[in-house]
Amino acid sequence: EAAKPSHFIRQAIEHDLEKGSYASRRWGGGPGDGPHHQAGAPDPAKIRTRFPPEPNGYLHIGHAKSIWLNFSLAQDYGGVCHLRFDDTNPEKEEQEYVDSIREMVHWLGWSHAFADNPAQPGVPQPHEYFASDDFDFMYRAAEYLIEAGHAYVDEQTPEQMRAGRGDFGTPGTDSPFRARPPAENLARFREMRAGQHPDGAMVLRARIDMASPNINLRDPTLYRIRRATHHRTGDTWCIYPMYTYAHPIEDALEQITHSICTLEFEDQRPFYDWLLERLTEGGLLVAPPPRQYEFARLNVGHVITSKRKLRQLVEERHVSGWDDPRMPTLAGLRRRGYTPEALRLFAERSGVTKTSNAWTDYAALDAALRETLDPHAPRAMAVLEPVKLVIENWAEVFGSDAHLEPCHAPVHPHHPELGQRPFMLGKEVWIERSDYEETPPKGFFRLFPGNKVRLKYGYVIECLGATKDEAGRASVVRANLIKDTKSGTPGADSVKVKGVITWVGVADGVSATVNLYDRLFTEEQPDAGGRDFLSVLNPHSLQTVQAVVEPSLATAQPEDRFQFERHGFFVADRREHQAGAKLVFNRIAGLKDSWGK
Ligand code: ATP
Ligand code: MG
Ligand code: MG
């Protein structure tokens, strides 16, 4: 394997490993023993990273990058990566999302990689955590902060608090509640928890610095009152921690060493460090604390990743659902046929930098797909826009119109061990409509009256012309077969041709529904500059055709992937395709990049 490209996060990890920064870490056991494990054997895992999605929607292509980064770093440095559900926001979170996130991380090939299951030794399971499992600890930590004078209950209105926070360049002003003594704050906070105050009546705030140039340090909110049923803790709590408060604590309790996030959180890092320092000082956490590192999020051309906008696409039925093969969700990319290998290669190539406005071309994903699939995908012939071709001299050559001539092609041109695909050539075959032209344009070497072409893996034929329908389109193309030119026989080269066309026999071809996709948006940055992204939806992003495919495809299983010769890479749809009954294929990507051409 080629050396992995280095980047600033790798350098930080290597530096910490060399210095033994986290050598004193203790780790109590595997998953399932709860996250409070700051005692136990020295941690042999060296580093711990985490992928911390909020279970409020489906994962998308940007998450694939974060998943790749966190899990692959843990793997490369002999560490562990946690899957953490950051479920501190009860209104928007649901079990359905938890399940789908877990499924997608697993699909990408990571979730079960690094943990032994204590209940079933030898059966690995993910290191999986829920922020909500730490609600008790977070509450205790908040009481500690209050007692130590680091937090206070603020009863101002949200508007007053916003005004008091000031602005860039304008220092904030102290809340009248800021100087309240700890004992009073503690009593108030306990009342908040006991449900004695309505939602929004007051919040718990850190007491840091109202004049800080970093607005995130101007006494950020730690807890709010919210009467909402949580998907795991039910109605146990009517106060919930803010994400910015919960996240560092989760990292510390899980003994994360390198907490990797996107650049938007750079300004939160001082608070992250402040909070963990205070709690370590108070003996609630052990040193050394985790460190936060920020990298530029993945932006992909012609794709939107905002959960709100993706939801709008689904709810307004611009797409068929969250797993519509045009959606940039991992469920959609999977259904479209993209592979975990391709997504991983794509993520790896997009790089780990701090350049915030970088865009990655969608074509890079298709390139990764082709590169990883081409070496092993079985080949097949498919005719996507079929028109019938009749070989008029068939009986003359083979003795009977009913004769079928066996032909074959390699399953993969570079893997003879994969064997051959058998199919039949007969008097009638399906060819692509675009392979016939009555009056050929310059450079057209396929079927036109008087021209000879090879039916791939079959014989050379000479075109006689076509019968037309009322609309003037070819309804049947006519040809004669040239004897002794069968592929793989000594006479194959006796007649030179410039064109080779793919085909499927009428006798053994199988009909299939084929979905041909194009990008969902016509603009590279669909929501740039406040534009309504719906106004740049591509009306031709899905074209469904009735195709005819070679018989080897009749037994394809859902999610089997193929290269259809000349047409690109296709997958048997994981939802609608049924082997032997109803064939449905999705085009993943063409054979080469044809976007914008
Ligand atoms: P949204 O803002 O749409 O709700 P999110 O980014 O907040 O999405 P989370 O579920 O909180 O979604 O994200 C989980 C992890 O994935 C976070 O660590 C986040 O930084 C990372 N992530 C999300 N989007 C991207 C992206 N485009 N590129 C890289 N990492 C990303
Ligand atoms: Mg988030
Ligand atoms: Mg978010």
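Every read-out reported here was derived from the displayed coordinates using simple, explicitly stated rules and does not represent laboratory data. Please read these numbers as outputs of a predicted model, since none were measured by experiment. Cβ coordinates were reconstructed from backbone atoms using ideal geometry, including for glycine residues, and neighbour counts include every protein chain displayed.
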(message) For the chain, give me the percentage of DSSP beta bridges that are antiparallel, rounded to the nearest 5 percent.
(response) 70
(message) With unit charges on the beta carbons (Lys and Arg positive, Asp and Glu negative) and the dipole taken about the Cα centre of the stretch 124-256, which residue among Ala179, Tyr129, Ile208 sits farthest to the positive side?
(response) Ala179
(message) Taking the 0 to 90 degree range and rounding to the nearest ten, how far is the long axis of helix 182-194 tilted relative to the main principal axis of the chain, both from C-alpha atoms?
(response) 50
(message) Can you compute 3J(HN,Hα) from phi for each residue in the stretch 458-464, using the Karplus curve 6.51 cos²θ - 1.76 cosθ + 1.60 with θ = phi - 60°, rounded to whole Hz and x for Gly and Pro?
(response) x, 10, 7, 10, 10, 6, 9
(request) Positive end of the charge dipole of the stretch 386-501 (Lys, Arg +1 and Asp, Glu -1 on Cβ, about the Cα centre): tell me which of Val477, Leu447, Leu389 has its Cα farthest that way. (result) Leu447
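Compute the convex hull volume of the Cα atoms of the stretch 255-377, divide it by the residue count, and report the result per residue in Å³ as a whole number.
Hull volume normalised by residue count: 148 Å³.
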(message) Between the stretch 285-361 and the stretch 540-574, what is the separation of their alpha carbon centroids in Å?
(response) 26
(request) Would you mind computing the Rg to Rh ratio of the stretch 386-501 from its alpha-carbon coordinates, Kirkwood style for Rh? (result) 0.98
(request) Give the angle, between 0 and 90 degrees and rounded to the nearest 10, that separates the Cα long axis of helix 363-373 from the longest principal axis of the Cα atoms of the chain. (result) 70
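Measure up Lys19/Lys65; Lys452/Lys582; Lys65/Lys456; Lys468/Lys498; Lys46/Lys592 against 31 Å on the Cα-Cα distance and list the ones that go over. All intermediate terms of the calculation are to be shown ahead of the outcome.
On the way: Lys19/Lys65 28 Å; Lys452/Lys582 35 Å; Lys65/Lys456 41 Å; Lys468/Lys498 26 Å; Lys46/Lys592 43 Å.
Pairs exceeding the cut-off: Lys452/Lys582; Lys65/Lys456; Lys46/Lys592.
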(message) For the stretch 146-241, take N as its residue count and report Rg(C-alpha) divided by 2.2 N^0.38 Å.
(response) 1.11
(request) Relative to the longest principal axis of the C-alpha atoms of the chain, give the angle of the C-alpha long axis of helix 269-281, reported between 0 and 90° and rounded to the nearest 10°. (result) 50
(request) Work out how much length Glu396 to Asp518 would gain on full extension: take 0.36 nm times their residue separation and subtract the Cα-Cα distance, in nm to one decimal. (result) 39.4 nm
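Between Asp76 and Val545, what is 0.36 nm times their sequence separation minus the Cα-Cα distance? Round to one decimal in nm.
Values: separation 469, 0.36 × 469 = 168.84 nm, distance 4.49 nm.
Stretched out fully, the Asp76 to Val545 stretch lengthens by 164.4 nm.
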(message) Once each part is reduced to its C-alpha centroid, what is the distance from the stretch 143-172 to the stretch 412-482 in angstrom?
(response) 76
(request) Would you please classify the overall shape of the stretch 317-384 from the alpha carbon gyration tensor, given that a ≥ b ≥ c denote the square roots of the eigenvalues, rounded means a/c under 1.5, and beyond that prolate means a/b larger than b/c while oblate covers the rest? (result) oblate
(request) Sticking with the crude label model, points 7 Å out along Cα→Cβ, report the distance from Glu371 to Thr157 in nm, one decimal please. (result) 5.8
(message) Take Asn56 and Ala228, extend 7 Å from each Cα along the Cα→Cβ direction, and tell me the distance between the two endpoints in nm.
(response) 0.7
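Compute and list, largest first, the equivalent-ellipsoid semi-axes of the chain from the alpha carbon gyration tensor, each √(5λ) rounded to a whole angstrom. List each step's numbers first, then the result.
Details: eigenvalues 769, 126, 80 Å².
So the equivalent ellipsoid measures 62, 25, 20 Å along its semi-axes.
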(message) For the pair Glu14/Gln420, report the inter-label distance in nm, with labels modelled 7 Å from Cα in the Cβ direction.
(response) 5.3
(message) Residue by residue through the stretch 60-72, what is 3J(HN,Hα) from phi via Karplus (6.51 cos²θ - 1.76 cosθ + 1.60, θ = phi - 60°)? Round to whole Hz and write x for glycine and proline.
(response) 10, 4, x, 5, 4, 5, 5, 4, 4, 4, 5, 6, 6
